[in-house]
Amino acid sequence: LFRRRCIGSMARGKADPGFGLKISPNVVLRNLLQQYPSGGQFFLEALQNADDTGRAGNFCALLDLRTHPAKNLRPPREGRAVLQNEAIVFYDDAGFKDRDWRSLQFMCDSEKRQSPHEAGAFGMGSRSFFHITDVLQVLSGTRLAALDPDDLLETGHFGEQVDFVEDGLLDRFPEECAPFCGVFGCDMRSEFKGSLIRASLRTEERARQCTFMPHAFDLSRARRIFAEFEETLRNGEVILFLTGVARVELWRWDADASEPTMIARASLGVSSGHSLPRQVAGPRDVKAYLERFDTFAALEAALRGSLLGSAGAAGGASGSSTGAGPRPPEVLDVVEVESVAVATGRTARQRWLRYGVVSEDPDVLAKVGACCCVPMVTLALPMCEQGPHAGGPCSGSLFASLPLPLPTGLPIHVNAHFRLHDNRRGVWRYSPDLDGEHRMWAEWNHQVFTNLVPLAYSRALELLAGSQDLAVDHGFLVWPARTSVEPDYAVVLDPLVRILKNLPLLPTPGGTLARPAEAFHFPTPTPALRACRQQLLRLCADAGHVVVDPPEHVVDLLQSRDALATRPCVWVYWEVVLPALGNAQPGDLTGLLLALVEWAGSWQEAEIQDLRARLASVRWLPTEGGEALPVRDAFDPAGAAGAGAAAFKVVQTRSAKLEATIAQMSLHSEAVWRVLRQCGLKSELTWEDVVDEATLIATDADVGRASLLLRHLNARHASLSGCRSAAVERLRTIAWAPSTTPAPNGEPAGEPSQLLVLPQVFPHAASPLVWAVAASLGEDLAVEGLRAGRAVDAEPEILVEQVRALALRPGAPHAPPAVLEHLRAAFGAMLPLLARLPNLHEHPRLRDVAFVPCLPPDDDDPTAEASDQAAEAAPAPSRARAAVLFAPRQTA
């Protein structure tokens, strides 16, 4: 039609006074639709248009599944019949003004382009509705309008507008009005306080005839896109940065229903009760400030004046003043977003901190007018709180008032006046082939990412770090994880960390906040060390160190850019833990050192030897006796048992008592014991231990343990470590030697029964010669220097005492065979010593003592028969006839 009119207006063979570009609206629209996405983007465009009015508070989208009769319609009836089909309807409570009606008619240009306070400056939002329909209907106030690129309504100017109240449209054409009646309160008889945008679904038949969109938009596609928008609405984040609309609803009107049904809704409200550092301001306040300016040039001049103190002409009626004006507000508030899925009753709530700043960088401000952008970034940070509104991390995206399909990998949402591609699916980025305004737009976006976002982000993190009211985790939830940030947006990180390193952000064990550049962090490489981490941190703080323990992703971000120092965990032990042992109670640091020992199981031998040296004198290892000892002074329970030392009290009390702690801490038992042995844990007694055990034996008067110690020394003395000579000297002064007890009236003692010092006893070999009058060792010692202190050859008089004791024993003068044997042994030992003894029959100790055994005549011995019988019954070696003892003067 448009082409026929243009050709018909030309005069054949003559100059055409109306010559010029002849552009058909359907051609322009076809090109626009090729750039715009065909998915659910038009939901967001409709929402954005409503929010741009500054008057809308509610927005609704309706999937109308009804079809309406198409008989009683205005002509052309065939063209209007397509408007009676199923449709998607958008509603807001603002309504259209004259400016909105005018802007709707300009398909290639928008009156919002030079308006700083309207996000629609960056798109052709309402044109995207032609993905759905051939004729777009708009109802507001008393007007019903249609945009008709293919001129199906045959008006000649690709659209129409009527006053449905004044024209009595409902009475004249009720079927044509039916699609609007009852929709969000519209009755088609009175002024409608709001606006309805209705896009009837394009059929396959119409798609074959359409000049700008040859694809149908059937009911299944409508249902799918509606479900996608319902999913978008599920967390309510879609309305985070809107300046006016605070409630969004999704409805469905089934074909056989008398009224629509709500499917889902999301709402946003300011959350009170939070301690904010300054007066609260939200996006609405920013919009009110921007409404003072008709153009971006006026805004630029005002910002230069208020922020930089320089005067500049501000074009436009409302921005014509020069010099410094009021500073633009910075966004700071807490909002709560609630989303409800009506069918399931699921309700989700999340609180957000919104923080926005205006750039004061002269380079950024200088581009405002040329780029037609507001130099401001607003962030939405999920608040980590306790209680029913506890939040979690979000998957951050870019927003241009509404979300863009551009995930950033940041844990926050970023809203800014980005320069977008025409299809709103990408932001302009620098590349060498860019020139002109595209290069300028790319530079603008780069400034947003490297200047504005880091500035706002750092200030928000500083605010959260110092406010437990806003974030119980000091804001760590919303710190970026370096490895998660999408490559296109990693440019934010370097300038962000440069700011963060000098801000008090990281909590210390003492409750203060430290600057990353002044603090350090240490790793804990094993589960046991991590379990002890809080104790290590407290010790570091008590020692005066500025130590911090932020989450792993925070540490990684700061350390990757040298903003936080790292010290090895072993440094903490050498410089903090070991010095602290002097002031600690026994056992306080046992778990810490056991965790260290387990970790040392993975070290090299040289490192373990260094550990051994450092722990050499540290009293920390718990023992069975309750005393904390250095590793080198304690015993390995298993090793001591294998070495035969487990019976000694010094081993029992000094054995490491670790099994319960190892189990409680879930330590690797084999590694702990192996490293402790490498660090000097003992399996065998040392000479010093022998002295201690001997002392304990003397105190306890434990003859049995003394015998064990004696035998242990005989078996292992050559391999004992320690100072042998000093131990030997000490052992000679302790009453620990297991000795027999003299038995002048009894038989020789078989086992030791008393403890004496070694100088007081005869060797075991002398026991048959002295048993009745002196103590001897139960077993001789093979240790040089630890022999018995007495000897028969050095004390020959002891033999005299032995003979006297035997002679005076009960039953004398009769001497049974056993006594005779002992006498013979004593006499035999005397023979080589006679020169040193006085004459026995004249010896003062034996004078008048009957000690000489004789065999009297049988008739003189009343016991002879009994003695003979006993001798016959005795074993062969002792079979001897009993004798009678006489004094030497009585014998011949």
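Overview of values
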{"quantity": "Enclosed volume per residue, in Å³, of the convex hull spanned by Cα atoms of segment 567-684", "calculated": "100 Å³"}
{"quantity": "Förster radius 51 Å - calculated FRET efficiency between A715 and R530 (Cβ-Cβ, nearest 0.05)", "calculated": "0.65"}
{"quantity": "The chain, accessible surface, carbon-and-sulfur percent (1.4 angstrom probe)", "calculated": "51 percent"}
{"quantity": "Amide H contacts of A565 (H built 1.01 Å from N, under 5 Å, at least 5 apart or other chain)", "calculated": "A519, H521"}
{"quantity": "Loop-exposed trypsin sites (Lys or Arg not before Pro) per DSSP, neighbour cap 11 Cβ within 10 angstrom, longest uninterrupted part of the chain", "calculated": "279-892"}
{"quantity": "Pairwise label distance in nanometres, H274 with A887, each label 7 Å out on the Cα-Cβ vector", "calculated": "12.1 nm"}
{"quantity": "Cα gyration tensor, segment 740-808 - rounded (a/c under 1.5), prolate or oblate", "calculated": "oblate"}
{"quantity": "Listed pairs K287/K501; K71/K193; K71/K97; K193/K287 exceeding 25 Å between Cα atoms", "calculated": "K287/K501; K71/K193; K71/K97"}
{"quantity": "DSSP-loop chymotrypsin sites (Phe, Trp or Tyr not before Pro) across segment 409-480, with at most 15 other Cβ within 10 angstrom", "calculated": "Y430"}
{"quantity": "Mean separation of Cα contacts under 8 Å (6+ apart) over length of segment 115-252, as relative contact order %", "calculated": "21 percent"}
{"quantity": "Whole-Hz ³J(HN,Hα) from phi, Karplus 6.51 cos²θ - 1.76 cosθ + 1.60, for segment 371-380, glycine and proline x", "calculated": "8, 6, 9, 8, x, 9, 10, 10, 10, 10"}
{"quantity": "Rounded to the nearest 10 Å², the accessible area of H446 at probe 1.4 Å", "calculated": "100 Å²"}
{"quantity": "Sequence-distant aspartates and glutamates (8 or more away, or on other chains) whose Cα lies within less than 13 Å of K682", "calculated": "D633, D636"}
{"quantity": "Per-bin percent of Cα-Cα distances, the chain [20 Å]", "calculated": "11, 25, 19, 13, 10, 9, 8, 4, 1, 0"}
{"quantity": "Rounded Å value of the spacing that divides the Cα centres of segment 430-505 and segment 232-271", "calculated": "31 Å"}
{"quantity": "Nearest 10 degrees, 0 to 90: helix 864-873 Cα axis against the chain principal axis", "calculated": "40 degrees"}
{"quantity": "Theoretical ellipticity at 222 nm over the chain - DSSP helices of four or more residues, -39500 (n - 2.57) apiece, nearest 500", "calculated": "-8500 deg cm²/dmol"}
{"quantity": "Between helix 219-233 and the chain: long-axis angle, C-alpha atoms, 0 to 90°, nearest 10", "calculated": "50 degrees"}
{"quantity": "Charge sum, other residues only, whose C-beta stays under 9 Å from T524's C-beta, Lys/Arg counted +1 and Asp/Glu -1", "calculated": "+2"}
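The values are calculated or read from the model by the stated rules, or taken from the named source; none is laboratory data. Not measured: the values here are computed from a predicted model. Here the Cβ is made from the backbone with ideal geometry for all residues, glycine too, and neighbour counts use every protein chain on show. These accessible areas exclude ligands, DNA and RNA; they are computed on the full protein's heavy atoms, side chains included. Shrake-Rupley method; radii C 1.70, N 1.55, O 1.52, S 1.80 Å.
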